[in-house]
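What follows is a set of notes on a single structure, which appears directly below.
The values are calculated or read from the model by the stated rules, or taken from the named source; none is laboratory data. Please read these numbers as outputs of a predicted model, since none were measured by experiment. As a convention, Cβ positions derive from the backbone with ideal geometry for all residues, glycine included, and neighbour counts pool all protein chains shown. Just the protein is used for accessible areas: all its heavy atoms, side chains included, with ligands, DNA and RNA removed. Shrake-Rupley method; radii C 1.70, N 1.55, O 1.52, S 1.80 Å.
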Amino acid sequence: MLEGLPPHRPTHVLRLITDEPSARTMTELLGEMFDPMETAVAAFEVEETGAWRLEAYFSEEPDAEMIRDLIRPVVGAQADEAAFETIDQQDWVRASLEGLKPVRAGRFLVHGGHDRHHVRANDLAIEIEAALAFGTGHHGTTLGCLRALVDELKRRRPARVLDVGTGTGILGFAAAKALHTPVIAGDLDPEAVTTARGNARLNGLGPYLRLYHAPGVRHALANRPRGFDVVFANILARPLKRLAPSLTAVVADDGVLILSGLIERDVPGVLSTYRHRGFHLARSGVIEGWATLVLRRGGAAARPR
């Protein structure tokens, strides 16, 4: 489980080995205490021992003693064992990819350079070297969006696709691979745009990806009223609510808006915001506590799963 998306430029990490209930409690506690745009907290089982590892990533140096005091009611004296380390920004995601397995969604296969041998003849393979931008396909939000795209492709072949908050570029790459058509993709982080451009070249998709650097759709490439058949926005709940007027404005009359970056408790508030913009829930899915919503204009709303 993971609370918050890892910051694009983490500088410090907290690591602590504990039991499952404590790890889950601390994940929720730290996720509530810190800005999700600046901090991400993950907890996962260590297969070799059965213990659980808590990891919290910070975009600036945290107050270690304050955090130890915060988690002490949960883990007691074990709080003193919490290790705070600095992170080499240039290598942190690249190093983490070395231990990750390829991820599949339909014919899409997302993999690192070390796993090219897993690619099959009929795969739509996407090779990602993430550098400093987040979005490797292993996180529930990205995988949820890929699965939503797979479902949409079973229904039709959209001609115009926009990826808002593209990160490494993976969702735009998937659409371009499947549709053989140019895709518009943007991010407010210039490092993410640089990373996506490099990954596009790596995948032979340079001519298909038209990138912009701007928040939301505030760029001539993206600000096209009713201009896109599919719009991805894999961000977080608060910016998704803030961007609702501009995101809904660029979705075509029969288009879909695919939202993610939401933990399950965020879903009702986000759906309410978009209902006020004339959109209803067509489909939804949850992966490891992260929700992906597929919205359409008008019609009757489906119940979130």
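Computed extension gain for ASP80 through ARG107, at 0.36 nm per residue and net of the alpha carbon distance, reaches 5.1 nm. How large, in percent, is the carbon and sulfur part of the accessible surface of the chain at a probe radius of 1.4 Å? C and S atoms contribute 50 percent here.
Accessible area per residue for the range 136-180 is 30 Å², calculated with a 1.4 Å probe on protein heavy atoms, without ligands, DNA or RNA.
What's the angle, to the nearest 10 degrees (0 to 90), between helix 20-33's Cα axis and the longest principal axis of the chain? Between helix and principal axis, roughly 70 degrees. Scan around GLY216 for amide H atoms under 5 Å from its own, H built in the peptide plane at 1.01 Å from N, and keep only partners 5 or more places away or cross-chain. Amide H neighbours of GLY216: LEU188. Considering only alpha-carbon pairs that sit under 8 angstrom and 6 or more positions apart, the relative contact order computed for the chain is 13 percent. On full extension, the segment bounded by ASP254 and THR11 gains 83.2 nm, given 0.36 nm per residue less the C-alpha separation. For ARG283, the residues whose amide H sits under 5 Å from its own are VAL294, ignoring neighbours fewer than 5 places away on the same chain, with H placed 1.01 Å from N. Overall form of the range 124-283: rounded. Here a/c, set by the Cα gyration tensor axes a ≥ b ≥ c, is under 1.5. Relative to the longest principal axis of the Cα atoms of the chain, helix 190-202 runs at roughly 70 degrees. 3J(HN,Hα) along the range 203-218, derived from phi through the Karplus expression 6.51 cos²θ - 1.76 cosθ + 1.60 where θ = phi - 60°, amounts to 9, x, 10, x, x, 9, 10, 9, 9, 9, 10, 5, x, x, 10, 7 Hz, with x in place of Gly and Pro. Taking amide H atoms as placed 1.01 Å from N in the peptide plane, the amide H of LEU109 lies under 5 Å from those of LEU124, ALA125, ILE126, each 5 or more residues away in sequence or on another chain.
Ranking THR181, VAL256, LEU205 by Cα position along the charge dipole of the range 175-305, where only Lys, Arg, Asp and Glu carry charges on their C-beta atoms, puts VAL256 farthest toward the positive end.
Residues in the range 61-76 carry Karplus couplings, in order, of 4, x, 7, 4, 5, 4, 5, 4, 5, 5, 8, 4, x, 8, 10, x Hz; the curve used is 6.51 cos²θ - 1.76 cosθ + 1.60 with θ = phi - 60°, and Gly or Pro positions show x. Which Cα, out of MET66, PHE84, ALA222, lies furthest along the positive dipole direction of the chain (beta carbon charges, K/R +1, D/E -1)? With unit charges placed on the Cβ atoms, the residue in question is ALA222. Note on the range 168-214: Cα-Cα pairs beyond 17 Å make up 18% of the total pair count. Between GLU60 and GLU288, the distance separating the two model label sites (each 7 Å from Cα on the Cα→Cβ line) works out to 2.8 nm. Springs join every pair of Cα atoms under 10 Å in this Gaussian network model of the chain, and among GLY144, GLY165, GLY227 the largest mean-square fluctuation is at GLY227. For a modelled paramagnetic label at VAL119, 7 Å from Cα along Cα-to-Cβ, the residues of the range 160-187 in reach, with backbone nitrogen under 20 Å, are 168-183.
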